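Working notes for the structure below.
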Amino acid sequence: MTKNTDTLAALRIETPPATLREIALGRMRRAIISGLFEPGERLVERTLCDQLGVSRSVIREVIRHLEAEGLVEMLAKQGPIVATISWDDARQIYEIRAALEATAVADCARAADAGVKGRLRVALNELDRTSKENSPPGILDATTEFYRIIFETGGHNIAWDIVSRLNSRISRLRVMTLSTTNRTVSGPAQIREIFAAIDKNDPDGAEAACRAHVGAAADIARTILA
């Protein structure tokens, strides 16, 4: 039997199945970001093993990963706890967001073609749908996708890598601000203003709308954390 390219290509695994550790990590990350596990709460290995149905070795790997993401702190004689967010930490995250996102949206506005604008519309429609359903996980996913397209289009791959490393803490802040009055309405509306400027290929307008959006979120966080 002759081996041909199509036959060999069929062997390729395009989407590897998630490992048990990856599944446990995703669920723990979501639980902390959503507030199911509260800031300062102890994370007891035995309890987590029972709750997730996994071994201690898996839980330990997950805890180490979440510590690297800034979601977990290790305290002497206490072990792992859910990390708290101070206003000083939040302020720095918003400053980084403002600097990186404002530049990215401006460059995206310069480069965006019909295809990019269509992808952004799809992300925005999903953001609107999940906002109306008051679904924080869905809102986070749609918002992340919206910004991923923007950074990719603007050619800001290194900046997106930095944002991705901060994404768990950014998501915690987003969920916190979403819990305040009207944020599930005002937040998406502000993001639509960013898109409106990109749709017009207006880099200055996109940058201004982005800074206003991040600034509004920072103001809400300050009232909660300061």
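The values are calculated or read from the model by the stated rules, or taken from the named source; none is laboratory data. As the structure is a computational prediction, the values presented were derived from the model and not from experiment. FYI the Cβ positions are ideal-geometry reconstructions off the backbone, even for glycines, and counts take in every protein chain you see. We work out accessible area using only protein heavy atoms, side chains counted, and drop any ligands, DNA or RNA first. Shrake-Rupley method; radii C 1.70, N 1.55, O 1.52, S 1.80 Å.
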Using amide H atoms built 1.01 Å from N in the peptide plane, name the residues 5+ places from residue 83, or on other chains, whose amide H lies under 5 Å from its own. 40, 72, 73
Accessible area of residue 156 in the full protein assembly, 1.4 Å probe (Å², nearest 10): 40
Counting only protein heavy atoms, what percent of the accessible surface of the chain is carbon or sulfur at a 1.4 Å probe? 53
Among 149, 53, 112, whose Cα projects farthest towards the positive end of the dipole of the chain, with charges put on the beta-carbon of Lys, Arg (+1) and Asp, Glu (-1)? 53
With a point put 7 Å past each Cα toward its Cβ, work out how far residue 57 is from residue 75 in nm, to one decimal. 3.0
Tell me the accessible surface of residue 168 in square angstrom (1.4 angstrom probe, heavy atoms of protein chains only), to the nearest ten. 10
Extending each Cα 7 Å along its Cβ direction at residue 117 and residue 45, get the distance between those two points in nm, one decimal. 5.6
Mean-position separation - Cα centroids, the range 128-182 and the range 23-75, in angstrom: 21
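How high is the relative contact order of the range 7-155, given as a whole-number percent (alpha carbon pairs under 8 Å, six or more residues apart)?
Numbers: 118 pairs, mean separation 30.3, N = 149.
Once divided by the residue count of the range 7-155, the mean separation gives 20 percent.
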Before rounding to the nearest 500, sum -39500 (n - 2.57) across all DSSP H runs of length at least 4 in the chain and divide by the residue total; then give [θ] at 222 nm in deg cm²/dmol. -24500 deg cm²/dmol
Report the percentage of all Cα-Cα pairs in the range 68-226 whose separation exceeds 23 Å, rounded to a whole percent. 36
Loop-located GluC sites (Glu not before Pro) in the range 25-107, at most 15 other Cβ atoms within 10 Å (DSSP): 41
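Taking the solvent-accessible surface of protein heavy atoms with a 1.4 Å probe, what is the per residue accessible area of the range 11-164 in Å²? Present the calculation step by step, with values, prior to reporting the outcome.
Numbers: 8420 Å² over 154 residues.
Dividing the accessible area of the range 11-164 by its residue count gives 55 Å².
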